[in-house]
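Trainee: After the structure tokens below, expect a handful of questions from me.
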Amino acid sequence: MCGIVGYIGMKEAAPVLLQGLEKLEYRGYDSAGIAVYQDDIFTIKTKGRLHDLKQKIEKMDTSIHGSVGIGHTRWATHGAPSDVNSHPHSSENGRISIVHNGIIENYMELKLFLQQEGRKFVSETDTEIVAQLFDYYYQGDLVDTMIKVIDKIRGAYALGVLCSEHPDEIVAVRKDSPLLVGIGQNENYIASDIPALLEYTRDYYLLEDNEIVLLKKDSIQLFDLNRNEIKKEIFHVTWDVSAAEKDGYDYFMMKEIMEQPEGLRKTILPRIKENEIQLDQIELTAEQVNNINRIHIVACGSAWHASIVGKYIIEKLSRIPVEVDLASEFRYRQPILQKNDLCIIVSQSGETADTLAALREAKKHGVRVLSIVNVVGSSIARESDDVIYTWAGPEIAVATTKGYSTQLSVMYLLALYFGKARKTITEQEMTDYIQKLKKVPDDVQKLLEFEDRIKVLAKQYAHSKDVFVIGRGIDYAAALEGSLKLKEISYIHSEAYAAGELKHGTISLIEYGTLVVAVATQQALFEKLISNIKEVKARGAKVVAIATEGSTSIEKVADEVFYIPKTSEMFTASATVVPMQLLSYYIAVERGCDVDKPRNLAKSVTVE
Ligand code: M6R
């Protein structure tokens, strides 16, 4: 949510900031702006996308010169997207300029205080209050001022600050919002995420909460809240720039759909050693697994959907009771957490605010936390007792695809690992599961071959008003993800239903021509699902089914069928989700939607 970039060095700052923002636009894209020091702080910002900002800059009579600056791409929280609410925000006297990601919870109270001190505000944002507060406390030293500001503000923030009296410095801090510091030669950077810096450097510091950084072109100083200078480990990015580029695809989402088999191979195969799952990275011993009383899986959005699949599989294969919670609910519902419980936190970004808060809630109760995370070194990864990384590579499209599928694959690994430790799976069953698990990436690859057929189907259904996705058991869990994909990128209303629930209300919404996607891979539930398909067909629905090879009787009731290769019923969600991802993608393209940047959304939801 919101992207921040800052540059200090020898180059012109504006192009570096704009290039960085381009790579961060997935974090928010309703307004953008930059501030560059040139004799004084010059700010230009606008409502709209980054290209609107670029056009505004091109239309200027003069060009922007200066080698220190900050930039921002916004996802609105306080105040609608507008020129005046866009970042950077300035203090009334123009001395301070600030970019901010997060929410200042006590901004009203601070605003009142500053108003009583005679300060006037122009925007509706919480960020402007921080700019004014910074100026209010400023007595000549940026780090000292930052410490005073942090003492007064409450909430989540990553802040980058320019001061006209310190044209050779940028000061920044983070709390509950990501911020990293890029290390260059005679130039340094701040950014919300790595892709913004990849072009310039691969070495960076990850700021922890309440760590302050003072950047000059040739030095980086890090401080704690007592102004003690601190030393930190330098991280090195190993993936190359092309991993964060579109590589000839029209959208990142399609590139990422296509990258799923590779991400799955990297996530699954190195963790299979002969007839065993080896999770070397985790310290959870077999004895601890045996003592687990209950598992709580906590996540948001698609990660929550992967968690629901996880519940079905872990319960089935290890007989450990599993509860799945939405992070935003878990953190406030006073969950009952006991000593031998295990909390599994699932997050692609590793920065989702509610998920991070849920992790902290679990730790507060003394519960061991194992996280499934894609972004190495992210907050969730760092704060967990154990981390299993999904090796999906950088995911840029707002709608997750490879992030979700690799999360599913870790659920499979964990279920087998737990099952083995608790002896709820026999050796023979283990051999069979492992053989099928190794095949999951190839199964997904096969489904990608349906692309052309799905393109045709997308044209046919692009103007649907409502789409329902139904399934039972694991197929229902997969339906939840398919339905979210469609609604978030195509804006078609869609709901996922446990097929047995249709008769309890939803079936009244089925009209002549309504599209129903039916997922039918669970053999014990197959006949029941066929009956549900007949029920919607009888009310005029068009049915696109996703079933397992050999289940040809479904052709008698469905209008169109996509077959997934035969596999364990535990692992079908990996394959069934693919046609739904492709259908959502092509429907969104057909409707002229911006697939990678759906309206009102942003990747990495770092606010509550
Ligand atoms: O980074 P996370 O996995 O924690 O993100 C969770 C959700 O915000 C995310 O899955 C969201 O629902 C996506 N838009 C789904 O495509």
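Trainee: Debye sum, Cα scatterers, the range 399-527, no solvent: what log₁₀ I/I(0) at q = 0.11, 0.15, 0.16, 0.17 1/Å?
Mentor: Scattering profile of the range 399-527, log10 relative to I(0): -0.51, -0.89, -0.98, -1.07.
Trainee: What three numbers, in Å, describe the spread of the alpha carbons of the range 213-354 along their principal axes, ordered from the longest?
Mentor: 57, 48, 34
Trainee: Here's something else I'd like to know. Quick check on the range 566-608: what are the equivalent-ellipsoid semi-axes from the Cα gyration tensor, as sqrt(5λ), descending, whole Å? Can you show the working numbers first?
Mentor: On the way: eigenvalues 146, 66, 5 Å².
Taking √(5λ) for each Cα gyration eigenvalue gives 27, 18, 5 Å.
Trainee: Would you work out which of Val324, Asn210, Ala172 lies farthest towards the positive end of the dipole of the chain? Charges go on Cβ: Lys and Arg +1, Asp and Glu -1.
Mentor: Comparing the listed Cα positions along the dipole, Val324 ranks first.
Trainee: Let me ask something else. Taking all protein chains in place and a 1.4 Å probe, what share, in percent, of the accessible surface of the range 179-230 do carbon and sulfur account for? Kindly include the intermediate steps, with their values, before the conclusion.
Mentor: Working: 660 of 1970 Å².
Here carbon and sulfur together make up 34 percent of the probe-accessible area.
Trainee: Quick one: in the range 297-386, what % of C-alpha pairs are over 16 Å apart? Don't skip to the end; give the middle numbers.
Mentor: Working: 1897 of 4005 pairs.
Summing the P(r) tail past 16 Å for the range 297-386 gives 47 percent.
Trainee: Quick one: if the Förster radius is 25 Å, what FRET efficiency do Arg227 and Ser164 give, using the C-beta to C-beta distance and rounding to 0.05? Show your work: numbers first, answer last.
Mentor: Numbers: r = 23 Å, r/R0 = 0.92.
Given R0 = 25 Å and the Cβ-Cβ separation, E is 0.65.
Trainee: Grab the other residues whose beta carbon is less than 13 angstrom from that of Glu25, score K and R as +1, D and E as -1, and report the net.
Mentor: It works out to a net charge of +2.
Trainee: Can you list the aspartates and glutamates whose alpha carbon sits under 13 Å from that of Lys231, skipping same-chain ones fewer than 8 residues off?
Mentor: Excluding near neighbours in sequence, the set is Glu208, Glu211.
Trainee: When Lys and Arg each count +1 and Asp and Glu each count -1, what net charge do the other residues less than 13 Å away from Thr567, Cβ to Cβ, add up to?
Mentor: Values: positive: Lys436, Lys438, Lys439, Lys446, Lys566; negative: Asp432, Asp442, Asp443, Glu549, Glu569.
Net charge in that neighbourhood comes out at 0.
Trainee: Please name whichever of Ala520, Ser568, Ser531 sits farthest to the positive end of the charge dipole of the range 506-573, dipole taken about the Cα centre and charges placed at Cβ: Lys and Arg +1, Asp and Glu -1.
Mentor: Ser531
Trainee: Okay, next question. Where the accessible area of the range 108-171 is counted over protein heavy atoms with a 1.4 Å probe, how much of it, in %, is carbon and sulfur?
Mentor: Numbers: 1190 of 2580 Å².
Taking all protein chains in place, the range 108-171 shows 46 percent carbon and sulfur surface.
Trainee: Hey, another quick one. Can you give me the C-alpha center-to-center distance between the range 92-112 and the range 352-402, rounded to a whole angstrom?
Mentor: 29
Trainee: State in Å² the accessible area per residue of the range 417-543; use a 1.4 Å probe, count heavy atoms of protein chains only, and round to the nearest integer. Before the final figure, lay out each step's value.
Mentor: On the way: 5620 Å² over 127 residues.
About 44 Å² of surface per residue is accessible.
Trainee: Here is a further query. At 1.4 Å probe size, with the rest of the protein present, what percent of the exposed accessible area of the range 484-567 is carbon and sulfur atoms?
Mentor: Working: 1850 of 3570 Å².
About 52 percent, which is the carbon plus sulfur part of the accessible surface.
Trainee: For the range 491-595, just list the percent of Cα-Cα distances falling in each 10 Å bin from zero outward, please.
Mentor: All Cα pairs, binned at 10 Å, distribute as 14, 45, 33, 7, 0 percent.
Trainee: Using a Förster distance of 56 Å, how high is the FRET efficiency between Lys528 and His236, based on the Cβ-Cβ distance and rounded to 0.05? If you can, show how the numbers build up before the last one.
Mentor: On the way: r = 53 Å, r/R0 = 0.95.
That gives a FRET efficiency of 0.60.
Trainee: Take the range 423-480, compute every pairwise Cα distance, and split them into 10 Å bins from 0; I just need the percent in each bin.
Mentor: 17, 26, 36, 13, 8, 0
Trainee: Something else now. Going by average Cβ density within 10 Å per residue, which order do the peptides 122-131, 489-498 take, highest to lowest? Each step should come with its number before you reach the end.
Mentor: Values: 122-131: 23.2, 489-498: 20.8.
Ranking the peptides 122-131, 489-498 by packing returns 122-131, 489-498.
Trainee: Relative to the longest principal axis of the chain, what angle (0 to 90°, nearest 10) does the C-alpha long axis of helix 142-152 take?
Mentor: With both axes taken from Cα atoms, the answer is about 60 degrees.
Trainee: So, one more: With 21 Å as the limit, write out which pairs from Lys23/Lys152; Lys273/Lys436; Lys59/Lys120; Lys152/Lys217 have Cα-Cα distances beyond it, or answer none. Walk me through the intermediate numbers first.
Mentor: On the way: Lys23/Lys152 32 Å; Lys273/Lys436 14 Å; Lys59/Lys120 30 Å; Lys152/Lys217 29 Å.
As for pairs spanning more than 21 Å Cα to Cα, those are Lys23/Lys152; Lys59/Lys120; Lys152/Lys217.
Trainee: Same structure, new question: Taking the Cα atoms only, what angle lies between the long axis of helix 107-116 and the longest principal axis of the chain, rounded to 10 degrees?
Mentor: Approximately 20 degrees, to the nearest ten.
Trainee: Among Met430, Ser349, Ile282, whose Cα sits farthest toward the positive end of the charge dipole of the chain (+1 at Cβ of Lys/Arg, -1 at Cβ of Asp/Glu, about the Cα centre)?
Mentor: Farthest towards the positive pole: Met430.
Trainee: While we're here: How large is the dipole of the range 476-608 about the Cα centre if only Lys and Arg carry +1 and Asp and Glu carry -1, each at its Cβ, rounded to the nearest 20 debye? Write out the running numbers ahead of the final one.
Mentor: On the way: 14 positive and 16 negative charges, 33 e Å.
That gives a dipole near 160 debye.
Trainee: Over the range 1-84, what portion of Cα pair distances is larger than 15 Å, expressed as a whole percent?
Mentor: Working: 1805 of 3486 pairs.
Pairs farther apart than 15 Å: 52 percent.
Trainee: Oh, and also: Going by alpha carbons, how many degrees (0 to 90, nearest 10) lie between the helix axis of 402-421 and the longest principal axis of the chain?
Mentor: Here the helix axis deviates by roughly 60 degrees.
Trainee: Now for a different question. To the nearest 20 debye, what charge dipole does the range 200-296 have about its Cα centre, counting +1 at the Cβ of each Lys and Arg and -1 at the Cβ of each Asp and Glu?
Mentor: Numbers: 13 positive and 20 negative charges, 23 e Å.
Computed about the Cα centre, the dipole is about 120 debye.
Trainee: To the nearest 500 deg cm²/dmol, what mean residue ellipticity at 222 nm is calculated for the chain from DSSP H runs of n ≥ 4 alone, each contributing -39,500 (n - 2.57), summed and divided by the residues? It would help to have the intermediate numbers written out before the result.
Mentor: Working: 18 runs with 218 residues, N = 608.
So the calculated ellipticity at 222 nm is -11000 deg cm²/dmol.
Trainee: Can I ask one more? Give me the accessible area per residue for the range 241-323, probe 1.4 Å, as a whole number in Å². Mind dumping the intermediate values first?
Mentor: On the way: 3580 Å² over 83 residues.
Here the residues of the range 241-323 average 43 Å² of exposed surface.
Trainee: Run the quick spin-label model on Glu276 and Arg333: label points 7 Å from Cα toward the beta carbon, then report their separation in nm to one decimal.
Mentor: A separation of 3.7 nm, rounded to one decimal place.
Trainee: I've got another one for you. Please report the net charge: other residues with Cβ closer than 14 Å to the Cβ of Leu486, K and R +1, D and E -1. Numbers along the way, then the final one.
Mentor: Details: positive: Lys465, Lys485, Lys487, Arg591; negative: Asp466, Glu481, Glu488, Glu495, Glu590.
Net of charged neighbours comes to -1.
Trainee: Based on Cβ point charges of +1 for Lys and Arg and -1 for Asp and Glu, what charge dipole magnitude is obtained for the range 88-198 about its Cα centre, in debye rounded to the nearest 20? Write down the numbers at each step before the final one.
Mentor: Numbers: 9 positive and 17 negative charges, 42 e Å.
It comes to approximately 200 debye.
Trainee: Label Lys246 and Phe121 with points 7 Å out from Cα along Cα→Cβ: what is the distance between them in nm?
Mentor: Spacing of the two 7 Å Cα→Cβ label points: 3.9 nm.
Trainee: With contacts defined as alpha carbon pairs under 8 Å and 6 or more residues apart, what's the relative contact order of the range 275-341 in percent? Don't skip to the answer; put the middle values down first.
Mentor: Numbers: 57 pairs, mean separation 26.2, N = 67.
The value is 39 percent.
Trainee: Return P(r) of the chain (all Cα-Cα pairs; 20 Å bins starting at 0; whole %; ordered from short to long distances).
Mentor: Answer for the chain: a P(r) of 20, 49, 27, 4 percent.
The values are calculated or read from the model by the stated rules, or taken from the named source; none is laboratory data. As the structure is a prediction and not an experimental result, all values here were calculated from the model. Cβ coordinates were reconstructed from backbone atoms using ideal geometry, including for glycine residues, and neighbour counts include every protein chain displayed. Accessible surface is based on the protein model in full, side chains and every heavy atom, while ligands, DNA and RNA are left aside. Shrake-Rupley method; radii C 1.70, N 1.55, O 1.52, S 1.80 Å.
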